[in-house]
1. Ordered by packing density, taken as the mean number of other Cβ atoms within 10 Å over each peptide's residues, highest first, how do 332-341, 178-187 rank?
2. Taking the Cα centre of segment 1-152 as the origin and placing charges on Cβ (Lys, Arg +1; Asp, Glu -1), which of HIS53, VAL99, CYS88 is farthest toward the positive end of the dipole?
3. Let me know the volume per residue of the alpha-carbon convex hull for segment 197-454, in Å³.
4. Of the beta bridges DSSP finds with both residues in the chain, what % are antiparallel, to the nearest 5?
5. Which listed residue (LEU240, LEU158, MET378) has the Cα farthest towards the positive end of the charge dipole for the chain, taking +1 on Lys and Arg C-beta and -1 on Asp and Glu C-beta about the Cα centre?
6. With labels modelled as points extended 7 Å from the Cα through the Cβ direction, what inter-label distance (nm, one decimal) is found for ARG26 paired with SER207?
7. Have a look at segment 267-397 and give its Rg and Dmax from the Cα atoms, expressed in angstrom.
8. Calculate the FRET efficiency for ARG331 and ALA374 from the Cβ-Cβ distance with a Förster distance of 56 Å, rounded to the nearest 0.05.
Amino acid sequence: MALRVEPTGEFREFPASKVFFSTTDRKGVIETVNSTFVGLSRFSEAQLVGAPHNIIRHPDMPGAAFHIMWERLLSGRPMMAYVKNLACDGAAYLTFSTVTPLGDGFISVRSAVARPDLWAPVQHAYEQTHGLELQWRAEGMSKADAARRGADDLQRRLAELGFETYDDVIRALVPAEVDARRAAAPPSPPITMPGEALHDVVHAITSLDSELGGVRRRFEDAVEVADALATAGARLADGLLDLAQASQSAADAAGTVAEDAPVLSTTARACVTMARDAAEHLEPMVGVLGSVRTAVLDLRARLALSVLHNDMAMIFAGEVSHGEAVGDPARSVLHLGQTVATSVAEGESARQVTVDGLALIAGMVTAANEELLAFQRMLANWRAVVVRSGVSSQLAPYLAPIDERLASGLRDMRKLSELASSCEALRLQIAASTLRDAASRLQSSAQRLAASAIE
């Protein structure tokens, strides 16, 4: 029978340096823990291992958060959230929790909340949804149904905070929390002796940390470029639509002087067609710009998650070195090595999407620029015909708006072209990644340590 713990109202804080983990099977039954988890939760290792992970669930948490978690995990997607837990002595403690697939089960890595400014609005959303869940259950709804309905309510509240989807929550929270925690308590490698299996593991962790740092710095530039691309692309698309409308007005006006200058109407209609074609051709590019921005943000989050996992491996190596590790340390090192390798591999997939997208954007921007310049040439030809035909005074009111919108579009196009050049430079930098090799070395050293422990 599960131990029933009542909250005492006490709140337990813990430092940024205390990062901890646990692994579970696919049903959420705990299989391994580390010493920090044992100390913070006040449960013994024996009480935790074999128990459902919800043994530490705090009654203040909305069931909606866990409904979203299981929905994501069982579909192979990671979960990150703020979670209020309940220790065996009734004290509460707050964590930033990540849960990712690991073999046939899951691994959860948790740290102290390093960004209380981000937690505060989420906490309010939790409280509102939890209140509704309690109301629905009081009216006779089952706990599962209340959590399912609460998930929709919580998603809506998160959308009001600017997170349109739960993936947006992850894209924002993971880099912010990881960076703030690292700034407060950067992990340091334990002292180990060359020739020891643990020494090789620590060296591999340190090498991967250096690789991750370099790639993350490049991706901060990529995030800025992706944001600027999305803004510039949307602005240009709107401008081309305005240009097409202005051209249509000029074409309509040209029809009124068709008797004096019949070629004007034909040329004007050709201008309208070209402006509309340019606007239509730009639509796919706007979609690609959005997709690349999403891929960049996904990869930034994946890289931050890899940093968290690698930090956890370093911190646990310290536990092993100091003789503080509980359970089967070699098995846990193996799990952490596998977790880091998987995290990096999944980030590599997002990296390839980004690289391909940046190359596609560069080509699409070049094509759009050529279309806009062709329109400019045709417009110049049409204006020359207007002057030669002696109808400038009749059509003058329609020329200024076209000139204004075309000039604006060309400025936007130049900005977009500059960003496309930045895309190409970034693409080459991002493509040259050695992260997978560094992660493989860590996994191999973890496997050797596990093998030496068995021997």
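Where a number appears in this text, it was derived from the coordinates with a stated rule and is not lab data. This is a predicted model, so every value here is computed, not measured. Glycine gets a Cβ as well: all are built from the backbone with ideal geometry, and neighbour counts include every protein chain shown.
1. Going from most to least packed, we get 332-341, 178-187.
2. Sorting the options by dipole projection puts first VAL99.
3. 100
4. Among the beta bridges of the chain, antiparallel pairing accounts for roughly 95 percent.
5. LEU158
6. For ARG26 paired with SER207, the spin-label model returns 3.5 nm.
7. That works out to 28.5, 94 Å for Rg and Dmax.
8. 0.30
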